[in-house]
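The structure appears right after this line, and notes come after that.
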Amino acid sequence: MKPFQIFNTLTRKVEEFIPLNPPLATMYSCGPTVYLPQHLGNMRAYLFVDTLKRAMRLHGYDVRHVMNITDVGHMTSDEDEGEDKIEKTARAQGKSPLEIANFYIAQFQRDLAALNIEPPMNYTRATDHIGDMIVLIQRIIDHGYAYVTNSGVYFEVEKWRGPDRIGRLSRQSLDEQHAGQRLDHSTDKKNPHDFALWVLNQPSHIMQWESPWGRGYPGWHIECSAMSIRYLGETIDLHTGGLDHIPIHHENEIAQSESATGHPFVRYFVHNAFLLGMEGAKISKSAGKFPLVDDLTAAGIDPLAFRLFCFGAKYRSELAFSLESARGAQKNLEYFWEFAYALPDDAAAAAADSDWALDYERNFAAALADDLNTPRALAVALDLVGEAYRRQDRKIWHSLRRLDSVLGLGLEERRLAAQAQFPETVRKLRSERDAARAAKDFQRSDELRLRIIAEGYEVKDTPGGTLISPRRASLS
Ligand SMILES: [Zn+2]
């Protein structure tokens, strides 16, 4: 493993990452509530998680990653108020909550694939882990931090006061954390800030399960504590989420987990900033109509261009989205692709790299190890290709592929797809023509050009070499 530094929201500092059991790094990410399509603002968060995971792997860590899918218990307010989001959509569309959840999970996974985001080790669905939640709630009750009433089981926040407890992550008082939220003033609660672990006696709620306290359903926060403990242990190395998760959701996760286990819940909390809409509005959850992955493709932009667009800003900075800026990123994407398309054959791809490429690889890794500085890493990757053109030395493929293990542009797949489009004879002619051009034998190069055209292909000269009838539309 090589050193890796990351900003820890718990300490508000960039820190050396030291996992509990190296080289294992356990990571839990708060995932989607599946009642709407996930828009590009949500996708930025998942891209950040994917990049962090890939960068840590590049540095020798074995990342074990779990992401939850909320399919019950998330109310229309992040407090315990309102309707269950999934049930509300189900009623509006005349479908079952399960149908709604399955539909949006499929759409979410399709969009992740389009962005080349690696799936986690487990997608854990809340409704598959009700038993784990019940066991955890019982531990919290047994330790004296929760109480049972007619309307539900509540976490008693007053009991959770003290150093390193309430407000440890957000550095806010309870009132500040809940500012602007409508609190449920159920007379059953000892304090309006108490939050539901289990909800009872709500006959209109469709999804209900038996529990030691009666039929009901879980509160929103408990699922993350229960599922991260189940799959990653009582103390996890990394926990990710959006900045909006810091007050309330992540504070509550810490309270639930640590009151139950008596151990620190998370070693490094890492949060990503928002994507801004064209009007500067925060693209956060459920805030109206924001663009989707489908909107990119409809505008002729490859979803992988959005990947590069996000790579161009630090994860802790807000990033303003527009179709124009995504188009700008598409130019960089095509720059990388063109290099891959123009590699003449497998032998050229397999050739040992030139020594100078290694410096670029080191600088790329160093940028990522510096609190995931993706803009600097991207600049290094673009420079590596630029330098190959300047030197007319394309022997960088091994380095570029290692960079692409984090960039996630699928360059090797592109190269193979481009190769597979051309018959062996045409590929041979292209290699010969590249050799003739390198030797400045322009007469021979022109002859070979005509022979390639005679085979039914177009020929374009690029700094990377001969590009033959790219047929890029079918590749992208
Ligand atoms: Zn969560």
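The values are calculated or read from the model by the stated rules, or taken from the named source; none is laboratory data. Please read these numbers as outputs of a predicted model, since none were measured by experiment. Positions of Cβ are generated from backbone atoms using ideal geometry, with glycine treated the same way; all protein chains shown enter the neighbour counts.
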Within the stretch 109-129, how many residues are part of a strand (DSSP E or B) and within 25 Å of Gly262 (Cα to Cα)? 1
Condition met for Asp302 (under 18 Å from the mean Cα position of the chain (by Cα) and among the acidic types (Asp, Glu)): yes
What strands (runs of 3 or more DSSP E), lying completely within the stretch 1-93, carry at least 1 residues that are away from the ligand (no atom under 16 Å from the Cβ) and either at positive phi or touching a Ser or Thr at 6+ places or on another chain (Cβ under 6 Å) (or both)? 62-69
Taking the stretch 315-331 and the residues there that are buried (at least 19 other Cβ atoms within 10 Å of the Cβ) and under 22 Å from Leu243 (Cα atoms), the one that is nearest to the chain's Cα centre (by Cα) would be Tyr315
Members of the stretch 250-278 that are within 19 Å of the chain's Cα centre (by Cα), surrounded by 23 or more Cβ atoms within 10 Å (Cβ to Cβ) and not in a strand (DSSP E or B): His250
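Per-residue answers, yes or no, for (1) modelled with pLDDT of 95 or more; (2) surrounded by fewer than 21 Cβ atoms within 10 Å (Cβ to Cβ):
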position	(1), (2)
His59	yes, yes
Asp62	yes, yes
His65	yes, no
Asp71	no, no
Glu81	no, yes
Lys85	no, no
Leu98	no, yes
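What number of residues within the stretch 202-233 are away from the ligand (no atom under 16 Å from the Cβ) and of a type in the set (Asp, Glu)?
Residues in the stretch 202-233 being away from the ligand (no atom under 16 Å from the Cβ) and of a type in the set (Asp, Glu): 1 in total.
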May I ask you to list the residues in the stretch 380-403 that are over 18 Å from Thr466 (Cα atoms) and either in contact with a strand residue (DSSP E or B) (Cβ under 8 Å, 6 or more places away or on another chain) or touching a residue at least 40 places away in the same chain (Cβ under 8 Å) (or both)? Ala381, Leu382, His398, Ser399, Leu400, Arg402, Leu403
Of everything in the stretch 130-146, what is outside any helix (DSSP H, G or I) and either touching a Leu at 6+ places or on another chain (Cβ under 7 Å) or surrounded by fewer than 18 Cβ atoms within 10 Å (Cβ to Cβ) (or both)? Give them in sequence order. His143, Gly144, Ala146
Can you list the helices (runs of 4 or more DSSP H) lying wholly within the stretch 317-391 that have 1 or more residues being farther than 18 Å from Arg414 by Cα? 323-341, 357-369, 374-391
Condition broken by Thr187, with the remaining ones in (1) within 16 Å of the ligand (Cβ to nearest atom); (2) without any contact (Cβ under 8 Å) to a residue 12 or more places away in the chain; (3) of a type in the set (Val, Ile, Thr) satisfied: (1)
Condition check for Ser445: touching a residue at least 40 places away in the same chain (Cβ under 8 Å) and either surrounded by 21 or more Cβ atoms within 10 Å (Cβ to Cβ) or in a helix (DSSP H, G or I) (or both): no
Which ones in the stretch 1-36 are touching a Leu at 6+ places or on another chain (Cβ under 7 Å) and within 19 Å of Pro120 (Cα to Cα)? Ala25, Thr26, Met27, Tyr28
Test each condition in (1) at pLDDT below 90; (2) within 21 Å of Tyr46 (Cα to Cα) for Ser77 and report the one that comes out false. (2)
